[in-house]
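Engineer: What follows is a single structure, and I will ask about it in a moment.
A short reminder: the numbers here are calculations on the coordinates, not readings from a lab. In this text the structure is predicted, and so the values were computed from the model without any measurement. Please note: Cβ atoms are built from the backbone with ideal geometry, for glycine as well, and neighbour counts cover all protein chains shown.
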Amino acid sequence: MRYNIKGKNIDIGERTREKVSAKLDRIEKLFPADAEAVVTFESQKLETIVEVTIPMGKRIIRAESGDADMMAAVDSVVDILEGQIVKYKKRLRSKMKRDASFKAEYEAVPVSEDVLDESPLYKIEKVKHFELRPMDAEEAVMQMELIGHSFFVFRNGETDDVNVVYRRKDGSYGLIEPEY
């Protein structure tokens, strides 16, 4: 696995790069040999935010963690990535049982079968149905606030596409628009 380590508002020294690479080597066996991990460090107030993004064919695996101690944040990100790749392989196994077209993708993920257990991945507790009314993004944000949710699905009145507005961690709002 190759590592692309960079910093935002922070300089990353060679010794730090070596330590980060050594910590990421722990999960190297779970990814294809040609994978490239993009590791970004960002200094914010009293903590360092570490984000790792690893493209895997059609999928992207991403984890983010923050801590006052930079290496503790890296350890946390490695733990998150390890859990995500195991869940991903388990999900692919489930899909492969129903549809053989997932077999190649399943075999491309080098996670050992010993790690995968038989417990269900997800349990959907409730299903909601609602009418998708045409509206603009601002109206969708207002509706989201009125119902007290952190996201809202709506039909964009201008494009007639299904969009999602959501509340971001910093309190601002985001809009998800599909690409075709």
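Engineer: For the pair ARG91 and SER150, how long in nm is the line joining their label points, each one 7 Å along Cα→Cβ?
Structural biologist: 1.7 nm
Engineer: Excluding residues on the same chain fewer than 8 positions from LYS58, give the aspartates and glutamates whose Cα lies under 12 Å from its Cα.
Structural biologist: The qualifying aspartates and glutamates are GLU105.
Engineer: Using DSSP loop states and a limit of at most 12 other Cβ atoms within 10 Å to flag GluC sites (Glu not before Pro), what is the longest stretch of the chain containing no flagged site?
Structural biologist: Counting at most 12 other Cβ atoms within 10 Å as exposed, the longest clean stretch of the chain is 1-117.
Engineer: List every residue whose amide H lies under 5 Å from the amide H of ASP136, counting only residues 5 or more places away in sequence or on a different chain, with H placed 1.01 Å from N in the peptide plane.
Structural biologist: The list, which skips near neighbours in sequence, is GLY157.
Engineer: When DSSP assigns beta bridges and you keep just the ones with both residues in region 2-112, what percent turn out antiparallel, to the nearest 5?
Structural biologist: 70 percent
Engineer: Grab the eigenvalues of the alpha-carbon gyration tensor for the chain, scale each by 5, take roots, and send me the semi-axes largest first in whole angstrom.
Structural biologist: 33, 26, 15
Engineer: So, one more: Can you give the charge dipole size of region 134-176 about its Cα centre, rounded to the nearest 20 debye, using +1 on the beta carbon of Lys and Arg and -1 on the beta carbon of Asp and Glu?
Structural biologist: 300 debye
Engineer: A further question follows. Which one, LYS128, LYS90, LYS23, has the greatest fluctuation when you compute a Gaussian network model over the chain with C-alpha springs under 10 angstrom?
Structural biologist: The residue with the greatest mean-square fluctuation here is LYS128.
Engineer: Can you classify region 134-176 as rounded, prolate or oblate using the Cα gyration tensor, where a ≥ b ≥ c are the square roots of its eigenvalues, rounded means a/c under 1.5, and otherwise it's prolate if a/b beats b/c and oblate if not?
Structural biologist: prolate
Engineer: Which lysines, on any chain, are close to LYS6 with Cα under 17 Å apart, when same-chain ones fewer than 8 places away are left out?
Structural biologist: Result set, ordered by chain and number: LYS19, LYS23.
Engineer: Run the reach check for LYS103 against aspartates and glutamates, Cα to Cα strictly under 15 Å, same-chain hits fewer than 8 apart removed. What comes back?
Structural biologist: Within the straight-line cut-off, LYS103 pairs with GLU113.
Engineer: While we're looking at this one, here's another question. Let me know the charge dipole size of the chain about its Cα centre in debye, to the nearest 20, where only the beta-carbon of Lys, Arg (+1) and Asp, Glu (-1) is charged.
Structural biologist: Approximately 600 debye in magnitude.
Engineer: With the contact rule set at Cα under 8 Å and sequence spacing of 6 or more, what percent relative contact order holds for the chain?
Structural biologist: Averaging sequence separation for qualifying contacts and normalising by length gives 13 percent for the chain.
Engineer: Then there's this: Calculate, in nm to one decimal, what ARG62 and VAL162 gain on full extension: separation in residues at 0.36 nm each, minus their alpha carbon distance.
Structural biologist: Going from the current span to full extension adds 33.5 nm.
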